[in-house]
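Below is one structure, written out as structure tokens; the observations come after it.
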Amino acid sequence: MQDIHRLASGILLVVFDLDGVFTDGRLYYGAYGEELKCFHVRDGHGIKSLLRDGVQVAVISGRKSKAVTTRMQELGVRHLFQGDDQKQPIYEQLLKDLGLRPLQTACVGDDLADLPLMLACGLAIAVADAQPEIRAKAHWCTTAPGGRGAVREVCDLILAARNAGG
């Protein structure tokens with residue numbers, strides 16, 4: 001765990017996937033075709049705590065959802081990218097825009113589309129119920145599954161490491 005805290009202590013940007021990380025990965029549709037998402041309130045508190053501590057937060061999702069836009073605005077997440085399956089170019093441009101190196105970033109995912117970012121960043125994190133290939137490549141795995149407090153675990157890990165100085 002000491003190595004994970006060392007890696008986490010230098011994180012200045014956390015990049016999250018959305019479906020399967022912030023949510024449980026299930027898709028809900030209302031009677032009129034509207035897409036519904038369920039977010040865990042404790043995850044939101046974790047995101048706000050990261051932002052208060054000066055850690056940037058980004059969400060990169062292949063799907064586009066008004067519910068995601070609303071929730072991320074509520075939390076103060078300024079770096080939201082939706083509707084593009086090509087996550088790597090978005091990540092690289094974000095690093096350029098923020099003047100960060102890959103080692104200063106953590107990426108949190110659950111499925112194969114997240115693997116390129118996880119391999120490129122300094123701290124790769126998988127949620128507990130991620131695909132086995134993703135868990136195998138991660139530096140660290142949460143104990144909570146996606147949509148059930150995994151985001152909060154990530155936030156708490158990074159904050160504890162930063163406050164302990166690695």
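For first residues located in segment 52-74 and farther than 11 Å from Asp19 by Cα, partners that are of a type in the set (Val, Ile, Thr) and part of a strand (DSSP E or B) and lie 6+ apart or on another chain with Cβ distances below 7 Å form the pairs Val55/Val14; Val57/Val14; Ala58/Val15; Met72/Val59. The set of residues from segment 7-61 being in a strand (DSSP E or B) and of a type in the set (Val, Ile, Thr) comprises Val14, Val15, Val57, Val59, Ile60. Taking each residue of segment 110-136 that is more than 23 Å from Glu92 (Cα to Cα) and looking for partners that are of a type in the set (Ser, Thr, Tyr) and buried (at least 19 other Cβ atoms within 10 Å of the Cβ) with beta-carbon atoms closer than 8 Å, six or more apart or interchain, yields Ala128/Thr142. Restricting segment 31-40 to residues that are more than 11 Å from Val151 (Cβ to Cβ) and within 17 Å of the chain's Cα centre (by Cα) leaves a set whose member that is surrounded by the fewest Cβ atoms within 10 Å (Cβ to Cβ) is Cys38. Residues of segment 28-56 that are at positive phi and at pLDDT below 90: Gly33 alone.
Could you tell me whether any residue of segment 11-30 is surrounded by 15 or more Cβ atoms within 10 Å (Cβ to Cβ) and more than 23 Å from Arg135 (Cβ to Cβ)? Checked segment 11-30: at least one residue is surrounded by 15 or more Cβ atoms within 10 Å (Cβ to Cβ) and more than 23 Å from Arg135 (Cβ to Cβ). Which residue is surrounded by the most Cβ atoms within 10 Å (Cβ to Cβ), if the candidates are limited to segment 57-86 and must be at pLDDT 95 or above and among the basic types (Lys, Arg)? Within segment 57-86, the match that is surrounded by the most Cβ atoms within 10 Å (Cβ to Cβ) is Arg71.
The values are calculated or read from the model by the stated rules, or taken from the named source; none is laboratory data. Here the structure is a predicted model, which is why all the values come from computation and not from measurement. Note that we place each Cβ from the backbone using ideal geometry, even for glycine, and neighbour counts take in every protein chain shown.
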